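Colleague: To start, I am sharing the structure in question, which I have written as structure tokens.
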Amino acid sequence: MNPAQPYLFLAAALFIIGMAGALARRNAILALVGIELMLNAANLSFVAFWRHGPHPDPQTGLMFALFSIAIAGAEAAVGLALIIALFRHRRSVSLEAAESLKG
Amino acid sequence: MTPWFLLFGGLVVVGALGAMALRNPVHCGLSLVVTFVGLAGTYLDLGADFLGLAQILVYVGAVAILLVFVMLLTRTGRGESPEVRPGGWWWGGLVAALVAVGLVGALASVSGWKPRSEPMTFPTVRDLGVALMTDFVLPLQLVGVVLTAAMIGAAILALPERRGGRVGRTPKGEEPEQ
Amino acid sequence: MLGVGIIKGLAETGRNFIGSYFDRDRLVTVEYPEQRVPLRENFRQFPFLVHDGQDAAIGLRCVACQICEKECPPQCIYIEKSKDKKPDHLGKPQFFPAVFNIDISVCMSCQICVEVCPFDAIKMDQDFELSTADRFGGLLLGKTQLARPNTHFQRIHPREAAEIDTRRADERQKAEAKAKADAEAKAKAAAAAAAGTAAATTTAAVDAAKPVGARPAPTTVPGPASARALPGAGAGTVPAAPSEPGGQV
Amino acid sequence: MLTLDADGKQGGGGGVDRRFEVLPAGVESNGEGGSLLEISMGPQHPSTHGVFRMDVVLDGETVVRLKPVFGYLHRNHEKIAENASYLAAMPYTDRLDYFCSLTNNWAYALAVEKLAGLQVPERAEFLRVITAELTRLQNHVCLAGFLMQDMGASGTPLMYGFREREKILDLFESLTGARMMCNYMRFGGCRTDAPPGWLEEARGVVDRFPRFLDEFENLLSGNEIMMARTQGVGVLTRELAVSASVTGPVLRACGVDYDLRKVDGYGIYPRFHFRVPLGDHGDTYDRYMIRILEMRESLAILRQALDQIPEGPVIDPKAKLRGFRPKPGEAYGRIEAPKGELGFYLISDGTANPYRYRVRPPSLINLTVLEDLCLGHNVADTVTILGSIDIVLGEVDR
Amino acid sequence: MAANVDQIFVHLMQMMVDRVPDAVAPWVRAAVGVGAVLGLFGLLFGLTTVCERKGIARMQNRLGPNRVGPFGFLQFAADGIKSLTKEDVVPRSADRVVHYLAPLALLTPVVLTFLVLPFGRNMVLMHVDTGLLFFFAAGASTELAVFMAGWSSRNKYSLLGAMRAIAQMISYELPFILSTVGVVMIAGTLSTVGIVESQAARPGEWLARWNLFTPWGLAAFLLFLIAAFAEANRSPFDLPEGESEIVAGYFIEYSGFKFALFFMAEYLGMFASSGMAVTLFLGGWTAPVAALDWIPSWLWFFGKLLALIALFIWVRGTTPRLRMDQLMDFAWKFMLPLALLILPVVAVWHYLGGGWRGWLFCTPVLAAAYVLLGRALVGRRRIQRRVYRYAGEGVAS
């Protein structure tokens, strides 16, 4: 049972919950929440490996997590903007309403 | 397996379950914030304090508010559309179970974990700064570009067409027919 | 330049902040129950009935002419005339109000009743701390609650009271002088009559049967004959106002 | 209750270009799916001056419809005055515009004197001018204070204004007996003469007032936030002002040169030299500044009046107090009250009661343009615009 | 002697910690420290409410509360008891859980920000090298609590107030954070203790090296302060509680003690940001002139803190309120560009060595930016005092 495993199990649990939610939810925003959870799960595993991982070079894991937080912020902004645009055209946010390509 | 990990890990799991299972979307958003705080605590526990605080600043400070604002703007939470796809949980649960089996199996069977050669040196903020400016200067600039592009894109998408630019309008500039 | 106006404003409030500790002109507020701002002499609150002497029943100046009742804009004065009369400060018998109510809750202390009263009977008080628990009975002031001695009037409106007192004292002096003149004329007539009795005892008899003068001359001596024993009013021959301490001309 | 319906008044607006067309009543959405927000401000609203309600319909933050609703303070003033004697109506005029009781008295006394042809002695005319200008000072000081209060200046300018107003009210109290309900003027002059030392005290107040005005302007007129919130807000065009018969500082802020003290020259105003400030933009900032400049002019008048006041009787000896029966006829006396042209129209049929007693309320008439000023602005501005028009509900509802 | 007066609280803490077994020592040290800070700032909150009411009263030439206690200084106790005993009304349609959590969610981050403030020489509760980032992370989560309060009371006005408050706090957070980046660049560290030490007077020099004494420091200090006003919803920016417009802000539906909690959170937020302003720009616990070093360090910190609080009160008594759109324009069109401009100016200041050459370059650039941005903000409708004409005369007097 190496030192990083509990954190990896936590990341796995988080990932699974996020994915289950993203798949099950009809509301676009909550799907986005699920995706956020999955992203954070990945982040957690990076930091776990950076802390307990064998590799001597100190920063790569940390740096990657840092950049992924920034990118996740941008992704959330664009995703929500898409949802607003979708709402304006379809008057609802459920994912079923978004299947037609017209308009 | 420090006691802090148990506390923050618990927060994360409870928050994530809440974010996915609660009925009222705004409650989901708030329990998402609990997850973020739990994660930040885990990062601090792992010694990456700059990352933990950045996580709070970015996620709790901005993304969560954005999420909740959009929920209000799009009038969710009034319970018109059923929140869960019919039979959704069954589908989601099945796929999640498969992935879970794969992940846990991989994690449990890992072996041959070489302990660290030299003791762990926690980088100070200055070291992170130096690393950012020397080894990671290219990713830094790219993230800058991506963030600007995302900001402009989000603004154009979100602005209502009436005051917006040419986006989404017929060539003569009238309202697109619904 | 942006912000210069705000800085000037800050300087202004700063000056006022410091000034309020020294400059009496700036800090106008006083801590009311402990310190009180001296009332201005003309300040008027609710009316009150003035009476000379100590006993309101006798000294009340009001003659129930009901002018103020008619002229009062919100009609908040109610007067009932008395049946009998009492002599006023000139000794002339006048009616007096049996009932004189002012509904303080209606009265807006507009002071028109004081202007139109020909007898200086009603004046404006300066008492404004009048909170009562009872809205109906408590604010309907009767004659006894309204009556206040002239000294009170002199204390709250010194200048106005002084004018009125001099005027009344002159009237009383004129009345006294006239009364003395009547008395002497009557005495001379009586002496002449006595001198003439020898000549015409019969005509004198006829004179004596007619009552002396239309009005009973003011008894210079507090004889029991007058309608009601008036210890205070009009008894003294001295022209000074009867028996009030101070308050003279 | 008198409600000026938006449609009823729409025609009267004349050819005035409005940035936002007034939505006909009943339209519920602004065409883009965003529903209109209907809020009712008042009658117990912290910023409406007294019991006054505004039904404001908002599209987002901007006002698209505003219906003033008033009448909460209607006391049947005119019918009461028609059933009472001429003198009994005088104390009620104090309650019309309860900030400026002396100018109300003067307007009523002027009307009755025109009706009955009474002469007013010199000293009484001077006392009337002095008290009227003092009233104008304390009214404008109150207005500036309330306007800043509406903009959120947490009461500082209001308290400075009240501090100066206290001194003026003390003058009224020692002259007339009451601070606000003076009931001082009679037909043919004034009720009492100035007590000894009153004129010196008045001179003292007048001499110290400019220092306060400079402080007030220092604090506010240059303040960027205040300028940003009032310049260009609630612009009243000359045509609309004239056609809606707006009078007083609100009219002069649009640049129309109409001041009754110069136009009618009633009382002894022609003897004094004073100027009439005019604004060019007709927005809230101009209305505020016009009143500040008018205060300085009033001070000039007061200084001249206090210098030239003669001795003599204060009331026309022939004037009868009771049983006053003017000969049948009609008269309209009007003066430049702090809020505008305050007029009294009396018809006498020879009896002790006026046959018809009508008040021209400047506040009510200035209020009719409120909706035109507020269109296109947001809620915060409607409050400021209402404050700048300076209405007092006692006069609006009578 | 001066040294141990300066370190008196450190010795006190040490005495208490020594008496406790080592295993528990860090917990006791933390508990005593947090207890002391909370007690102190709780008392300061009470006294500030009284000083604010008395200060503004005096500015308006009136007396202010003077009935409860000597000169009215027990007024806050009376207010506290009143708010405790008042009935706590929760609207029926409110979302009970979130409604209950909102004041707590607002108060905890604000109290967390006090952990990193250096109250005196080695008197800081949490000495960590990302102190400033911790301050901003805790500060950033207050918006969420404001939203929870506004949304959970299910009331149209409270939601409107909450939206306004959040929009304002977010748009002023950027200048709030960016104005401190200059200081971090010069001090070279994110830890607040490091920043304060970088501003102390060097052994040889007589004048301290406060950031305020530099042109960019002054500009950044003003930006930081104005943004702090906006973050705490105070004075010109107290729009959410714009009582003269739509009724009070997001805490309409709160009464009793929860309302007092909101009130306290606003004041503690004010203390925290003025404490951080003291740390970043006014040299924390350092004396301005080396000669005055004998005065204990914590006295310097609290003196400057009280001075800034007095400024908060002073501005509240003077300025009227900004309108919503003007408030936003001011943040995005004036504060943000100026904050972004300060960064290169600081870089050049650093490489010019910071002497008179630095002044020569930085001041004109900053002054020009200030004037140009001011004119751009005002835009074409010139906002300035007007000259008035009088009837009958063409020219104005």
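Colleague: Out of D:136, D:163, I need the residue that is of a type in the set (D, E, K, R) and modelled with pLDDT under 90. Which one?
Modeller: Sole residue among the options that is of a type in the set (D, E, K, R) and modelled with pLDDT under 90: D:163.
Colleague: Here's a follow-up. Within the stretch D:333-348, is there a residue that is buried (at least 20 other Cβ atoms within 10 Å of the Cβ), within 14 Å of chain E (Cβ to nearest Cβ) and either within 28 Å of residue C:68 (Cβ to Cβ) or not acidic (Asp, Glu) (or both)?
Modeller: Within the stretch D:333-348 (the criterion being buried (at least 20 other Cβ atoms within 10 Å of the Cβ), within 14 Å of chain E (Cβ to nearest Cβ) and either within 28 Å of residue C:68 (Cβ to Cβ) or not acidic (Asp, Glu) (or both)), the answer is no, since none of the residues qualifies.
Colleague: When you look at residue D:373, is it within 20 Å of the chain's Cα centre (by Cα) and modelled with pLDDT of 90 or more, yes or no?
Modeller: Considered against the rule, which asks whether it is within 20 Å of the chain's Cα centre (by Cα) and modelled with pLDDT of 90 or more, residue D:373 comes out as yes.
Colleague: Does any residue of the stretch E:332-340 turn out to be free of Cβ contacts under 8 Å to residues at least 60 places away in the same chain, basic (Lys, Arg), closer than 28 Å to residue D:227 by Cα and out of contact with any His (no Cβ under 8 Å at 6 or more places or on another chain)?
Modeller: Yes, the stretch E:332-340 has at least one match.
Colleague: Which of the helices (runs of 4 or more DSSP H) contained wholly in the stretch D:308-398 include at least 2 residues that are within 26 Å of residue D:134 (Cα to Cα) and among the charged types (D, E, K, R)?
Modeller: Helices (runs of 4 or more DSSP H) meeting the threshold: D:393-397.
Colleague: With the condition kept exactly as written, say whether any residue in the stretch D:188-208 is in a loop (DSSP other than H, G, I, E, B), in contact with a strand residue (DSSP E or B) (Cβ under 6 Å, 6 or more places away or on another chain), away from chain E (no Cβ under 14 Å) and crowded, with 22+ Cβ neighbours inside 10 Å.
Modeller: The answer is yes, given that some residue of the stretch D:188-208 is in a loop (DSSP other than H, G, I, E, B), in contact with a strand residue (DSSP E or B) (Cβ under 6 Å, 6 or more places away or on another chain), away from chain E (no Cβ under 14 Å) and crowded, with 22+ Cβ neighbours inside 10 Å.
Colleague: While we're here: Collect the residues in the stretch C:135-147 that are surrounded by fewer than 19 Cβ atoms within 10 Å (Cβ to Cβ) and either of a type in the set (Val, Ile, Thr) or under 19 Å from residue C:89 (Cα atoms) (or both), keeping them in residue-number order.
Modeller: C:144
Colleague: Let me ask something else. Check the stretch E:26-39 and report whether any residue there is surrounded by 15 or more Cβ atoms within 10 Å (Cβ to Cβ) and under 19 Å from the mean Cα position of the chain (by Cα).
Modeller: Yes, some residue in the stretch E:26-39 is surrounded by 15 or more Cβ atoms within 10 Å (Cβ to Cβ) and under 19 Å from the mean Cα position of the chain (by Cα).
Colleague: Another question, then. Could you grab me the full set of residues in the stretch C:116-134 that are among the charged types (D, E, K, R) and surrounded by 16 or more Cβ atoms within 10 Å (Cβ to Cβ)?
Modeller: The answer is C:120, C:123, C:125.
Colleague: Which is away from chain D (no Cβ under 14 Å), part of a loop (DSSP other than H, G, I, E, B) and of a type in the set (Phe, Trp, Tyr), of C:136, C:128, C:153?
Modeller: From the options C:136, C:128, C:153, the qualifying one is C:136.
Colleague: Tell me, which residue of the stretch C:1-13 that is at pLDDT 85 or above and more than 7 Å from chain E (Cβ to nearest Cβ) is farthest from residue D:214 (Cα to Cα)?
Modeller: Looking at the filtered set, the residue picked out is C:7.
Colleague: I would also like to ask the following. Condition first: at positive phi and in a helix (DSSP H, G or I). Now tell me which residues in the stretch B:94-114 satisfy that.
Modeller: Answer for the stretch B:94-114, where residues must be at positive phi and in a helix (DSSP H, G or I): there is none.
Colleague: Any residue at all in the stretch A:77-100 that's at the interface with another protein chain (Cβ under 7 Å from one of its Cβ atoms) and under 18 Å from residue B:55 (Cβ atoms)?
Modeller: Yes, because at least one residue in the stretch A:77-100 is at the interface with another protein chain (Cβ under 7 Å from one of its Cβ atoms) and under 18 Å from residue B:55 (Cβ atoms).
Colleague: If residue E:315 satisfies every condition in (1) under 19 Å from the mean Cα position of the chain (by Cα); (2) of a type in the set (Val, Ile, Thr); (3) over 24 Å from residue C:5 (Cβ atoms) but one, which is the exception?
Modeller: Here residue E:315 meets the rest and fails (3).
Colleague: Inside the stretch B:43-58, can you point out the residues that are facing another protein chain (nearest Cβ under 7 Å), over 15 Å from the mean Cα position of the chain (by Cα) and not small (Gly, Ala, Ser)?
Modeller: Correct list: B:46, B:49, B:50.
Colleague: Please give the helices (runs of 4 or more DSSP H) falling wholly within the stretch C:1-115 in which 2 or more residues are under 19 Å from the mean Cα position of the chain (by Cα).
Modeller: Counting at least 2 such residues, we get C:56-59, C:67-71.
Colleague: Going through E:271, E:334 one at a time, which residue ends up being within 19 Å of residue C:6 (Cβ to Cβ), crowded, with 19+ Cβ neighbours inside 10 Å and among the aromatic types (Phe, Trp, Tyr)?
Modeller: Unique residue meeting the criteria: E:334.
Colleague: Quick one: is residue E:197 out of contact with any Asp or Glu (no Cβ under 8 Å at 6 or more places or on another chain), of a type outside the set (A, V, I, L, M, F, W, C) and part of a loop (DSSP other than H, G, I, E, B)?
Modeller: It is false that residue E:197 is out of contact with any Asp or Glu (no Cβ under 8 Å at 6 or more places or on another chain), of a type outside the set (A, V, I, L, M, F, W, C) and part of a loop (DSSP other than H, G, I, E, B).
Colleague: If I go through the stretch A:44-65 residue by residue, how many of them are at the interface with chain B (Cβ under 8 Å from one of its Cβ atoms) and either of a type in the set (S, T, N, Q) or under 14 Å from the mean Cα position of the chain (by Cα) (or both)?
Modeller: Number of matching residues: 3.
Colleague: Going by the conditions given, is residue D:90 closer than 25 Å to residue D:326 by Cβ, surrounded by 24 or more Cβ atoms within 10 Å (Cβ to Cβ) and modelled with pLDDT under 95?
Modeller: Yes.
Colleague: Oh, and also: What are the residues in the stretch B:24-38 that are at the interface with another protein chain (Cβ under 7 Å from one of its Cβ atoms) and closer than 11 Å to residue B:13 by Cβ, if any?
Modeller: Passing the criteria: only B:35.
Colleague: While we're here: From the list D:169, D:175, which one is assigned to a helix (DSSP H, G or I), over 24 Å from residue E:316 (Cα atoms) and touching a residue at least 40 places away in the same chain (Cβ under 8 Å)?
Modeller: Answer to the check: D:175.
Colleague: Within the stretch D:234-257, take every residue that is surrounded by fewer than 20 Cβ atoms within 10 Å (Cβ to Cβ), of a type in the set (Ser, Thr, Tyr) and part of a loop (DSSP other than H, G, I, E, B) and give me the one that is farthest from the other protein chains (Cβ to nearest Cβ).
Modeller: Filtering the stretch D:234-257 for residues that are surrounded by fewer than 20 Cβ atoms within 10 Å (Cβ to Cβ), of a type in the set (Ser, Thr, Tyr) and part of a loop (DSSP other than H, G, I, E, B), the one farthest from the other protein chains (Cβ to nearest Cβ) comes out as D:245.
Colleague: Now for a separate question. Pick out, from the stretch E:2-75, the helices (runs of 4 or more DSSP H) lying fully within it that include 2 or more residues that are under 18 Å from residue E:125 (Cβ atoms).
Modeller: By residue number, E:8-18, E:25-59.
Colleague: Sticking with this structure for a sec: Against the definition (of a type outside the set (A, V, I, L, M), within 19 Å of the chain's Cα centre (by Cα), assigned to a helix (DSSP H, G or I) and crowded, with 24+ Cβ neighbours inside 10 Å), how does residue E:171 come out, yes or no?
Modeller: For residue E:171, the condition - of a type outside the set (A, V, I, L, M), within 19 Å of the chain's Cα centre (by Cα), assigned to a helix (DSSP H, G or I) and crowded, with 24+ Cβ neighbours inside 10 Å - is not met.
The values are calculated or read from the model by the stated rules, or taken from the named source; none is laboratory data. No experiment lies behind these values; they were computed from the predicted model shown. In this analysis, Cβ positions are derived from the backbone assuming ideal geometry, glycine residues included, and neighbour counts consider all displayed protein chains.
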